[in-house]
1. Does segment 147-155 contain any residue that is in contact with a strand residue (DSSP E or B) (Cβ under 9 Å, 6 or more places away or on another chain), assigned by TED's automatic domain parsing to the domain that holds residue 206 and within 17 Å of residue 202 (Cβ to Cβ)?
2. How many of the residues in segment 187-220 are at pLDDT 95 or above and within 15 Å of residue 230 (Cβ to Cβ)?
3. Taking residue 140 as the residue in question, decide whether it is farther than 22 Å from residue 107 by Cα, crowded, with 19+ Cβ neighbours inside 10 Å and under 30 Å from the mean Cα position of the chain (by Cα).
């Protein structure tokens, strides 16, 4: 009887196949559409690259420019060597301070007026320094010159001493349009040299330090960095103040054009 019962039970079971074990009918994958790149672009490893200007894919999919280079017309070239090169690599570049990554030299590009500023210096007003010209009060009142002056003065941490330790009979800063006995004034504040580190007035017989700042005598101030609005309330003039001797002066190194 037991055997019959077991047999009857076994015969009543229905064999079932789990869903996971069922094999679906084969359906091929849909084809991946090809990458469509725009004009002037190339498919580089699945990315549309502008090979004429891309520093990762310059000219082709295997050429990457170095950190001191930019991609110009599909070739790696030294970057930011001049204001002209800045504009070649970035047509929308604006007036401002730029750095040559190849040597660390900074320069100011005045694209608006097609002018390049290389540096502002400190030296004897009656000596000619190659590439430099003594600044006038009109220079200090010119908005483009003011912007370049503030940018480079701050980046230089003062004025570069191009006089090489020259001796001076006094410390009145001269301007190119100052007559004998006149000196440079900002908003009627007499201007003098200052220590590049402390900002304290320096009125010695010689100037051996590599840099100097400008010092407003009336208010005893020599700010560094100069704020962007430094000249907003400081019109430059020349006025009678001290004897005319081997005075120091402020010089600018600039070039017409962007090259």
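The values are calculated or read from the model by the stated rules, or taken from the named source; none is laboratory data. None of the values given here were measured: they were computed from a predicted structure. Note that we place each Cβ from the backbone using ideal geometry, even for glycine, and neighbour counts take in every protein chain shown.
1. There is at least one residue in segment 147-155 that is in contact with a strand residue (DSSP E or B) (Cβ under 9 Å, 6 or more places away or on another chain), assigned by TED's automatic domain parsing to the domain that holds residue 206 and within 17 Å of residue 202 (Cβ to Cβ).
2. Counting residues in segment 187-220 that are at pLDDT 95 or above and within 15 Å of residue 230 (Cβ to Cβ) gives 5.
3. no
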